[in-house]
């Protein structure tokens, strides 16, 4: 009897060890952003940006360095995917190969990303409803421009005197705000427009696009800046 019990325990142990080393598969949900970004993997490459189902709405997109077998990505669309995630037995995988594979189960949702309309170069038309062609602003050195990089969540351009840069803090179909603003420090004969422009960007809370025009508003809905698309 003791011999039989011992054999049974040995078989259980062997079976448990065998199961531990087998491939394991589960189905997960991925949210895929509407653009790819430059990233560094084995070399320079373009990465998808994803969030997993348990991520919060405010979570940052993370670079996805692998591939999803069966998934054909189209720029400009956001996806919700059902994906089969397989953890491979490390003992059966070459040292330089991935130990996790992903296979598309189903495209649950595909929607065009409206925020990509912002991804452009915008030339300033007016500040607070007053045209740059008015006598007040006639002495301006250069027309301010705003360039928005949606995928990288950053902005750049010129305020009419200095080059500036910043980060997109929040972005939705109607809301946008900027943070971590910086610029060069050159002084120009007339700093009124550069200062007004820079302050307006800092106060921006919402936006609207109508045809070729971009409008930025503060939290009270007051128009801060109006741009025209130039590229």
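Would you kindly calculate the translational diffusion coefficient of region 122-192, applying Stokes-Einstein with the Kirkwood radius from alpha carbon pairs, for 20 °C and a viscosity of 1.002 mPa s, and quote it in µm² s⁻¹ without decimals?
160
Roughly speaking, what % of Cα-Cα pairs in the chain are separated by over 26 Å, rounded to a whole number?
54
Quote to one decimal, in nm, the extra length available between residue 67 and residue 218 on full extension: 0.36 nm per residue of separation minus the C-alpha distance between them.
Difference between extended and current length: 50.2 nm.
Given axes a ≥ b ≥ c from the Cα gyration tensor, I'd like to know whether region 54-137 is rounded (a/c under 1.5), prolate (a/b larger than b/c) or oblate.
prolate
Counting other beta carbons within 10 Å of each residue's own, what order do 93, 100 fall into, fewest first?
Lowest to highest Cβ neighbour count: 100, 93.
Work out the FRET efficiency for residue 172 and residue 100 from their Cβ-Cβ distance, taking R0 = 35 Å, and round it to the nearest 0.05.
Efficiency, rounded to the nearest 0.05: 0.65.
Give the relative contact order (percent, whole number) for the chain; include only Cα pairs under 8 Å separated by 6+ residues.
Computed over the chain, the figure is 14 percent.
Determine, for each peptide in 192-201, 109-118, the mean count of other beta carbons within 10 angstrom over its residues, then list the peptides with the highest first.
Put in order of decreasing packing, that is 192-201, 109-118.
Could you state the orientation-averaged shadow area of the convex hull built on the Cα atoms of region 24-96, in nm² to one decimal?
5.9
Once both labels are modelled 7 Å past Cα along the beta-carbon direction, what's the residue 109-residue 53 spacing in nm?
The answer from the label model is 1.3 nm.
I need the calculated FRET efficiency for the pair residue 24 and residue 46, taking r as the beta carbon distance and R₀ as 25 Å, to the nearest 0.05.
0.25
A short reminder: the numbers here are calculations on the coordinates, not readings from a lab. Since we're looking at a predicted model, the values are computed, not measured. Don't worry about glycine lacking a Cβ; one is built from the backbone with ideal geometry, like all the others, and counts go over all protein chains shown.
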